[in-house]
Amino acid sequence: MTKGQVVAIPPPAIEVTGLRKSFGSKVVLDGINLTVPEGAVFSLLGPNGAGKTTTVHILSTLVDADAGQVRIAGHDLDTDPDGIRAAIGVTGQFSAVDNLLTGEENLRLMANLRHLGRAEGRQRTEELLGRFDLVEAARKPAATYSGGMRRRLDLAMTLVGEPRVIFLDEPTTGLDPRSRRTMWQIIRDLVAGGTTVFLTTQYLEEADQLADRIAVLDHGRLVAEGTPAQLKRLVPGGHVELRFSDTYGFNRAAHVVDGATPDHDTLTLRVPTDGSVRSLRTLLAHLDDATVEVDELSVHTPDLDDVFLALTGQPDQEKEAVR
């Protein structure tokens, strides 16, 4: 890049401004704003009835909004919904797999719906069967598939049209831990290839593992947004634990560090912190100035369960009703 050259910044994959939706007298979305960059995982969290699924339905053109502006992959929802449909894929809470068809037939059906030519559809089907480890089961009815296999086939069907943006609405609900982690790796691989993923989930660990950014929706409003680390710093409870090998260092540190909670049995100090690098650097510099040697140090921050409970006042494992 030459000096003075202007670097073009790609537009966000998803831009949402002032999105509103009501069902009768019930306000489901109350003017939410979202910006999702390209090639990232954006996770929308919220308790039962918060509006997560409604948001996905509106962004994927399945439900009309009452107000607001939406642009996805450069297409405006009001003026070019067909452009959005061509650019996105959707994997909903409930599988779109046809149990009477084989895995191969499900994929070919989707290829036909995407208007792929016969040769291109066959090639895309074979590619996806291999990619999702479904070759051996390709000619078996989908009704015989395990939950994990059905979810992989469902996602493979979403990818037939090579969408730039994928909406995954609770994609791992009901899967066993091994199948869930397999799905996580598939999502990571998609993002590594440049795909944008908009994820809703009832598993906070899943959002923590996958999401570049997380937004928390409660009663139709966004109550927080940021990286997982940023959200964890919103709630109290973060601390640094200092462990010492002798009582001299332990007592010296307990004397010079304000607000520390000592544990004389284990020779450890618990020091409150917001989890930031700056606060940790300040603490270490303070100990260094006092010539205190620390044997072990560990940083503990609140997890997303703590964040969720603090922001919504509700437990995290609730499953949102359709809407």
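Let's see how each residue does on (1) surrounded by 21 or more Cβ atoms within 10 Å (Cβ to Cβ); (2) touching a helix residue (DSSP H, G or I) at 6+ places or on another chain (Cβ under 6 Å); (3) outside any strand (DSSP E or B):
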| site | (1), (2), (3) |
| --- | --- |
| 49 | no, no, yes |
| 53 | yes, no, yes |
| 56 | yes, no, yes |
| 61 | no, yes, yes |
| 64 | no, no, yes |
| 82 | no, no, yes |
| 85 | no, no, yes |
| 94 | no, no, yes |
| 100 | no, no, yes |
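Working only within the stretch 268-282, note down all residues that are closer than 18 Å to residue 254 by Cβ and exposed (fewer than 15 other Cβ atoms within 10 Å of the Cβ).
Restricting attention to the stretch 268-282, the residues satisfying the condition of being closer than 18 Å to residue 254 by Cβ are 268-273, 282.
Within the stretch 268-282, 272, 282 meet the criteria.
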Checklist line | Search result, residues across the stretch 118-137 that are surrounded by fewer than 14 Cβ atoms within 10 Å (Cβ to Cβ) and either hydroxyl-bearing (Ser, Thr, Tyr) or under 12 Å from residue 160 (Cα atoms) (or both) | finding: 120, 123
Next item on the list: Six or more apart or on different chains, Cβ under 9 Å: which pairs go from a residue in the stretch 86-106 that's under 16 Å from residue 199 (Cα atoms) to one that's surrounded by 20 or more Cβ atoms within 10 Å (Cβ to Cβ) and among the basic types (Lys, Arg)? Could you list them?
Entry: 91/151; 95/150; 95/151
Next item on the list: Taking only the stretch 232-260 into account, find how many residues are part of a loop (DSSP other than H, G, I, E, B) and farther than 28 Å from residue 309 by Cα.
Entry: 5
Check: Would you pick out the residues in the stretch 66-75 that are under 12 Å from residue 198 (Cβ atoms) and surrounded by fewer than 21 Cβ atoms within 10 Å (Cβ to Cβ)?
Finding: 73
Check: With (1) more than 21 Å from residue 168 (Cβ to Cβ); (2) surrounded by 19 or more Cβ atoms within 10 Å (Cβ to Cβ) as the list, and residue 247 as the residue in question, which single condition is left unmet?
Finding: (2)
Checklist line | Residue ID - modelled with the highest pLDDT, chosen from residues in the stretch 11-24 that are within 16 Å of residue 213 (Cβ to Cβ) and assigned to a loop (DSSP other than H, G, I, E, B) | finding: 13
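Quick check on residue 153: is it within 22 Å of residue 105 (Cβ to Cβ) and either at pLDDT 90 or above or outside any helix (DSSP H, G or I) (or both)?
Details: within 22 Å of residue 105 (Cβ to Cβ): yes; either at pLDDT 90 or above or outside any helix (DSSP H, G or I) (or both): yes.
Yes, satisfied.
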Margin query: When you scan the stretch 228-236, do you find a residue that is surrounded by 18 or more Cβ atoms within 10 Å (Cβ to Cβ) and among the charged types (D, E, K, R), even just one?
Written below: yes
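Among the residues that make up the stretch 208-217, is at least one of them over 12 Å from the mean Cα position of the chain (by Cα), outside any loop (DSSP other than H, G, I, E, B) and modelled with pLDDT under 95? Spell out the reasoning first.
The first filter runs over the stretch 208-217 and keeps only residues over 12 Å from the mean Cα position of the chain (by Cα), leaving 217.
Keeping just the survivors that are outside any loop (DSSP other than H, G, I, E, B) gives 217.
Next, from what is left, pick out any that are modelled with pLDDT under 95: 217.
Taking every residue of the stretch 208-217 in turn, at least one turns out to be over 12 Å from the mean Cα position of the chain (by Cα), outside any loop (DSSP other than H, G, I, E, B) and modelled with pLDDT under 95.
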Note to self: within 13 Å of residue 213 (Cβ to Cβ), modelled with pLDDT under 95 and of a type in the set (Gly, Ala, Ser): is that true of residue 49 in this structure?
What the structure shows: no
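Is it the case, given these coordinates, that residue 158 is under 15 Å from residue 190 (Cβ atoms), of a type in the set (Val, Ile, Thr), at pLDDT below 95 and touching a Pro at 6+ places or on another chain (Cβ under 8 Å)? Walk me through it before giving the result.
On the way: under 15 Å from residue 190 (Cβ atoms): yes; of a type in the set (Val, Ile, Thr): yes; at pLDDT below 95: yes; touching a Pro at 6+ places or on another chain (Cβ under 8 Å): no.
When the stated conditions are applied, residue 158 does not pass them.
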Margin query: Testing residue 225 on (1) in a helix (DSSP H, G or I); (2) closer than 30 Å to residue 270 by Cα; (3) among the charged types (D, E, K, R), one condition comes back false. Which one is that?
Written below: (1)
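Residue check: is residue 280 farther than 30 Å from residue 54 by Cα, more than 23 Å from the chain's Cα centre (by Cα), part of a helix (DSSP H, G or I) and not hydroxyl-bearing (Ser, Thr, Tyr)? I'd like the intermediate steps shown before the answer.
Values: farther than 30 Å from residue 54 by Cα: yes; more than 23 Å from the chain's Cα centre (by Cα): yes; part of a helix (DSSP H, G or I): yes; not hydroxyl-bearing (Ser, Thr, Tyr): yes.
When the stated conditions are applied, residue 280 passes them.
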Check: What is the one condition in (1) surrounded by 15 or more Cβ atoms within 10 Å (Cβ to Cβ); (2) on the phi < 0 side of the Ramachandran plot that residue 189 does not satisfy?
Finding: (1)
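The values are calculated or read from the model by the stated rules, or taken from the named source; none is laboratory data. Just so we're clear, the structure is a prediction, and the values are computed from it rather than from any experiment. Counting neighbours? That spans all protein chains shown, and the Cβs are built from the backbone with ideal geometry, glycine included.
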